[in-house]
Amino acid sequence: MKPSIIIIGAGGHGKVVYDAIIAQNKFEVIGFVDSQLKIGTKVIGQVEVICAQENVASLVKKAEYFIVAIGNNIIRAQVYDNLVSLFKPATIIHPLSVIGSEVIIEDGTVVLAYAMINVLSKVGANTIINIGVIIDHECEIGNNVYLKLGAIIANNSKVLDFHTSEIGQIIKS
(Lines give C-alpha, C1' and ligand atoms only; values in the text may rest on other atoms or scores of the structure.)
Protein backbone atom coordinates (compact mmCIF):
# COMPACT_ATOMS: atom_id res chain seq x y z
CA MET A 1 0.00 0.00 0.00
CA LYS A 2 1.28 3.44 -0.95
CA PRO A 3 1.62 6.18 1.68
CA SER A 4 -1.12 8.81 1.62
CA ILE A 5 -0.52 12.43 0.60
CA ILE A 6 -2.47 15.67 0.61
CA ILE A 7 -1.86 18.49 -1.85
CA ILE A 8 -2.03 21.98 -0.37
CA GLY A 9 -3.38 24.28 -3.07
CA ALA A 10 -6.01 23.32 -5.64
CA GLY A 11 -5.23 25.86 -8.36
CA GLY A 12 -3.49 25.28 -11.67
CA HIS A 13 -0.16 24.43 -10.08
CA GLY A 14 -1.90 21.98 -7.74
CA LYS A 15 -3.31 20.14 -10.76
CA VAL A 16 0.15 19.90 -12.35
CA VAL A 17 1.60 18.62 -9.08
CA TYR A 18 -1.22 16.06 -8.89
CA ASP A 19 -0.27 14.80 -12.36
CA ALA A 20 3.37 14.49 -11.29
CA ILE A 21 2.34 12.53 -8.18
CA ILE A 22 0.25 10.16 -10.27
CA ALA A 23 3.10 9.71 -12.77
CA GLN A 24 5.62 9.12 -9.95
CA ASN A 25 3.31 6.37 -8.63
CA LYS A 26 4.71 6.54 -5.11
CA PHE A 27 1.79 8.07 -3.17
CA GLU A 28 -1.96 7.72 -2.83
CA VAL A 29 -3.55 11.19 -3.19
CA ILE A 30 -6.38 11.52 -0.68
CA GLY A 31 -7.36 15.03 -1.76
CA PHE A 32 -6.64 18.72 -1.95
CA VAL A 33 -6.57 21.26 0.85
CA ASP A 34 -7.51 24.79 -0.16
CA SER A 35 -8.59 27.97 1.58
CA GLN A 36 -10.63 29.36 -1.34
CA LEU A 37 -12.60 26.40 -2.70
CA LYS A 38 -15.48 24.71 -0.91
CA ILE A 39 -15.03 21.24 0.54
CA GLY A 40 -16.30 18.74 -2.02
CA THR A 41 -15.26 20.80 -5.06
CA LYS A 42 -13.89 18.41 -7.67
CA VAL A 43 -10.44 19.62 -8.71
CA ILE A 44 -9.31 16.99 -11.20
CA GLY A 45 -11.15 13.80 -12.08
CA GLN A 46 -12.85 12.59 -8.91
CA VAL A 47 -10.24 14.11 -6.58
CA GLU A 48 -11.71 16.92 -4.54
CA VAL A 49 -11.04 19.50 -1.86
CA ILE A 50 -11.29 17.58 1.41
CA CYS A 51 -10.42 20.30 3.89
CA ALA A 52 -9.96 24.03 4.30
CA GLN A 53 -6.36 25.05 4.85
CA GLU A 54 -7.05 26.40 8.34
CA ASN A 55 -8.35 22.96 9.41
CA VAL A 56 -5.56 20.85 7.89
CA ALA A 57 -4.51 19.49 11.31
CA SER A 58 -7.73 17.45 11.26
CA LEU A 59 -6.16 15.27 8.52
CA VAL A 60 -3.24 14.02 10.64
CA LYS A 61 -4.71 10.52 10.95
CA LYS A 62 -5.67 10.37 7.26
CA ALA A 63 -2.51 11.55 5.54
CA GLU A 64 1.13 10.75 6.14
CA TYR A 65 2.70 13.18 3.63
CA PHE A 66 2.02 16.63 2.23
CA ILE A 67 3.22 18.76 -0.66
CA VAL A 68 2.60 22.49 -1.02
CA ALA A 69 1.41 23.43 -4.51
CA ILE A 70 1.37 27.21 -4.15
CA GLY A 71 3.50 29.35 -6.49
CA ASN A 72 4.10 32.29 -4.17
CA ASN A 73 7.40 31.54 -2.40
CA ILE A 74 6.59 33.38 0.83
CA ILE A 75 3.16 31.82 1.24
CA ARG A 76 4.51 28.38 0.26
CA ALA A 77 7.26 28.71 2.90
CA GLN A 78 4.78 29.74 5.61
CA VAL A 79 2.45 26.84 4.82
CA TYR A 80 5.38 24.39 4.64
CA ASP A 81 6.78 25.56 7.99
CA ASN A 82 3.35 25.20 9.63
CA LEU A 83 2.78 21.66 8.32
CA VAL A 84 6.21 20.06 8.68
CA SER A 85 5.51 19.22 12.33
CA LEU A 86 2.20 17.50 11.43
CA PHE A 87 3.04 15.57 8.25
CA LYS A 88 6.13 14.39 6.39
CA PRO A 89 7.09 16.62 3.46
CA ALA A 90 7.07 14.69 0.19
CA THR A 91 9.50 15.15 -2.66
CA ILE A 92 7.80 14.82 -6.02
CA ILE A 93 9.95 14.01 -9.06
CA HIS A 94 8.14 13.48 -12.34
CA PRO A 95 9.50 10.36 -14.11
CA LEU A 96 9.97 12.39 -17.31
CA SER A 97 12.57 14.58 -15.60
CA VAL A 98 16.30 13.78 -15.78
CA ILE A 99 18.28 13.73 -12.55
CA GLY A 100 22.09 13.44 -12.79
CA SER A 101 24.52 11.60 -10.56
CA GLU A 102 24.95 12.75 -6.98
CA VAL A 103 22.18 15.34 -7.20
CA ILE A 104 20.62 16.28 -3.87
CA ILE A 105 16.95 17.26 -3.84
CA GLU A 106 15.65 18.25 -0.42
CA ASP A 107 12.23 17.60 1.12
CA GLY A 108 9.12 19.32 -0.14
CA THR A 109 10.52 20.02 -3.59
CA VAL A 110 8.67 19.37 -6.85
CA VAL A 111 10.55 18.57 -10.06
CA LEU A 112 8.17 18.58 -13.04
CA ALA A 113 8.31 16.86 -16.42
CA TYR A 114 11.20 17.55 -18.80
CA ALA A 115 13.26 19.32 -16.16
CA MET A 116 16.92 18.39 -16.07
CA ILE A 117 19.15 18.64 -13.02
CA ASN A 118 22.74 17.84 -13.88
CA VAL A 119 25.49 16.11 -11.92
CA LEU A 120 26.47 17.32 -8.42
CA SER A 121 23.76 19.97 -8.19
CA LYS A 122 21.79 20.63 -5.02
CA VAL A 123 18.18 21.79 -4.83
CA GLY A 124 16.91 23.15 -1.52
CA ALA A 125 13.70 22.37 0.33
CA ASN A 126 10.19 23.39 -0.73
CA THR A 127 11.31 24.49 -4.19
CA ILE A 128 9.51 24.30 -7.54
CA ILE A 129 11.50 23.17 -10.59
CA ASN A 130 8.93 23.69 -13.33
CA ILE A 131 8.51 22.06 -16.72
CA GLY A 132 11.55 22.29 -18.96
CA VAL A 133 13.92 23.88 -16.44
CA ILE A 134 17.59 23.06 -17.01
CA ILE A 135 19.99 23.17 -14.07
CA ASP A 136 23.52 22.50 -15.26
CA HIS A 137 26.26 20.79 -13.29
CA GLU A 138 27.31 21.78 -9.77
CA CYS A 139 24.61 24.38 -9.19
CA GLU A 140 23.12 25.33 -5.84
CA ILE A 141 19.43 26.16 -5.76
CA GLY A 142 18.19 27.57 -2.46
CA ASN A 143 15.11 26.87 -0.38
CA ASN A 144 11.65 28.13 -1.34
CA VAL A 145 12.74 28.94 -4.90
CA TYR A 146 10.44 28.96 -7.94
CA LEU A 147 12.17 28.30 -11.26
CA LYS A 148 9.51 28.93 -13.89
CA LEU A 149 8.99 27.19 -17.23
CA GLY A 150 12.14 26.80 -19.28
CA ALA A 151 14.52 28.64 -16.95
CA ILE A 152 18.16 27.76 -17.58
CA ILE A 153 20.67 27.79 -14.75
CA ALA A 154 24.26 27.86 -16.03
CA ASN A 155 26.94 25.57 -14.59
CA ASN A 156 28.27 26.33 -11.11
CA SER A 157 25.58 28.96 -10.50
CA LYS A 158 23.90 29.77 -7.23
CA VAL A 159 20.22 30.72 -6.88
CA LEU A 160 19.42 32.27 -3.51
CA ASP A 161 16.53 31.34 -1.20
CA PHE A 162 13.11 32.72 -2.22
CA HIS A 163 14.18 33.60 -5.78
CA THR A 164 11.51 33.50 -8.49
CA SER A 165 12.76 33.34 -12.06
CA GLU A 166 11.04 34.64 -15.15
CA ILE A 167 9.81 32.18 -17.77
CA GLY A 168 12.79 31.15 -19.90
CA GLN A 169 15.24 33.23 -17.87
CA ILE A 170 18.94 32.41 -18.09
CA ILE A 171 20.68 32.63 -14.73
CA LYS A 172 24.48 32.58 -14.47
CA SER A 173 26.24 33.58 -11.31
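The values are calculated or read from the model by the stated rules, or taken from the named source; none is laboratory data. As the structure is a computational prediction, the values presented were derived from the model and not from experiment. With ideal geometry, Cβ positions are generated from the backbone for all residues, glycine too; neighbour counts draw on all protein chains shown. The area values use the complete protein model at the heavy-atom level, side chains included, leaving out ligands, DNA and RNA. Shrake-Rupley method; radii C 1.70, N 1.55, O 1.52, S 1.80 Å.
Report yes if K42 is open to solvent by 60 Å² or more (accessible area, probe 1.4 Å) and more than 27 Å from L147 (Cα to Cα), otherwise no. Yes: the conditions hold for K42. Quick one: in the range 62-78, which of the residues that are surrounded by fewer than 17 Cβ atoms within 10 Å (Cβ to Cβ) and either polar (S, T, N, Q) or at pLDDT below 95 (or both) is nearest to G12 (Cα to Cα)? Applying the filter and picking the extreme gives N72. Residue count for the range 135-146 satisfying the condition of being assigned to a strand (DSSP E or B), open to solvent by less than 70 Å² (accessible area, probe 1.4 Å) and without any contact (Cβ under 8 Å) to a residue 24 or more places away in the chain: 2. Listed conditions (1) within 16 Å of I128 (Cβ to Cβ); (2) surrounded by 15 or more Cβ atoms within 10 Å (Cβ to Cβ) are all met by G12, apart from (2).
Restricted to the range 106-117, and to residues there that are without any contact (Cβ under 8 Å) to a residue 24 or more places away in the chain and either among the basic types (K, R) or open to solvent by 20 Å² or more (accessible area, probe 1.4 Å) (or both), the residue that is farthest from H94 (Cα to Cα) is D107.
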